[in-house]
Every structure is written in structure tokens, then in C-alpha cells.
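Data block below; observations after.
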Amino acid sequence: MAGSLTDLAKAYKRRFNETVDEIKAGGLLSEDFVLVLEENVKKEVNVPLLRKDLPDLFEEVVHITTSDAAKLLSNRFIYAEAKKLIGDRIKNYDAVNVDDLVARLPDPELSTYLKMTKSPKGYVVYEVSS
């Protein structure tokens, strides 16, 4: 049912957009309704211009995002540098990637260090054949 509702929502969205196109193309007007294009506003800093025009301010506010840092630096490097800063408190944040462990431990030993938990994904209805 959820899949059907998702498909239906897509169909309604497509039909709505087609209707909007027809209204705009035909210049159709109504005394009761008005078609208004609402917009989202995204603010974005012109980084090169700020760097050039206001270098002192730029140095105060410049950073890289955590996702970019993770792309640029290895997890081991980030771990080692964080450990230098916070020492043993790093243990509160320790994490191990499952794929890294799988690549390094054989199957019998691996199960000792992996915890498998199940959680419901949702119901699926199957037809019972007679």
C-alpha cells in the first residue's frame, strides 16, 4: 500500500505540474484563485570575494565542513589528531567501521566482535497461494 501511495503521490504531482503549465500557457485567470510561484531563498557566501575584499574577517570565519574534512583526511588521521587534543576522552567517541573489521578478521573470530540487532522495517503483505 505504501508503494502504491508513493506512486499515486508522484502521479498527482505530475498532473498538478501539467495543470500549472496549462494555466500559464493559456493565460487562464480566475476570480476565485490566483496562481503564485513561491520560492525558497538560499543564502550563499561568495567565498573568493570575501577572501579578497575582507581578508581579516575571512580568516575569522573560514572553515571546512565536517563532511569535507572526512573526504580530505583519513578516519585514522582524524582520530589521531582528536586524540592528541582530548587524550583518553577519545574513548567516548571510538567507532569502528564494520567493513574494516570484516576485511581484517576471519569469520569465526569476527562474530565475537559483531553485534547483530534486528529492527522492524515495516510490513509486507504476501498473497498466500492455495
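Where a number appears in this text, it was derived from the coordinates with a stated rule and is not lab data. These figures come from a predicted structure and were not determined experimentally. In this analysis, Cβ positions are derived from the backbone assuming ideal geometry, glycine residues included, and neighbour counts consider all displayed protein chains.
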**Q.** At most 13 other Cβ within 10 Å, DSSP loop - trypsin sites (Lys or Arg not before Pro), the range 1-61
**A.** LYS42, LYS43
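Pairs on different chains or at least eight residues apart, Cα atoms closer than 21 Å: how many lysine pairs in the chain fit? Before the final figure, lay out the partial values.
Working: LYS13/LYS24; LYS43/LYS52; LYS71/LYS83; LYS71/LYS84; LYS83/LYS91; LYS91/LYS115.
Counting lysine pairs in the chain gives 6.
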Q: Report the extension gain between GLU60 and LYS91 in nm, rounded to one decimal, defined as 0.36 nm multiplied by the number of residues separating them, less their alpha carbon distance.
A: 8.1 nm
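Length gain on complete extension for the stretch ASN75 to GLU18, per 0.36 nm per residue less the alpha carbon to alpha carbon distance?
Residue separation times 0.36 nm, minus the Cα-Cα distance, leaves 15.7 nm.
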Q: Please work out which option in (i) 117; (ii) 350; (iii) 107 gives volume of the Cα convex hull per residue in Å³ calculated from these coordinates, and answer with its label.
A: (ii)
Q. Which of the GluC sites (Glu not before Pro) found in the range 1-90 are in a DSSP loop and have at most 11 neighbouring Cβ atoms, other than their own, within 10 Å?
A. GLU31, GLU38, GLU39, GLU44
(Q) I need the chymotrypsin sites (Phe, Trp or Tyr not before Pro) found in the range 12-87, filtered to DSSP loop residues with at most 15 other beta carbons within 10 Å of theirs. (A) PHE33
(Q) Can you tally the net charge around LEU110? Count Lys and Arg as +1, Asp and Glu as -1, for every other residue whose Cβ sits under 13 Å from the Cβ of LEU110. (A) -2
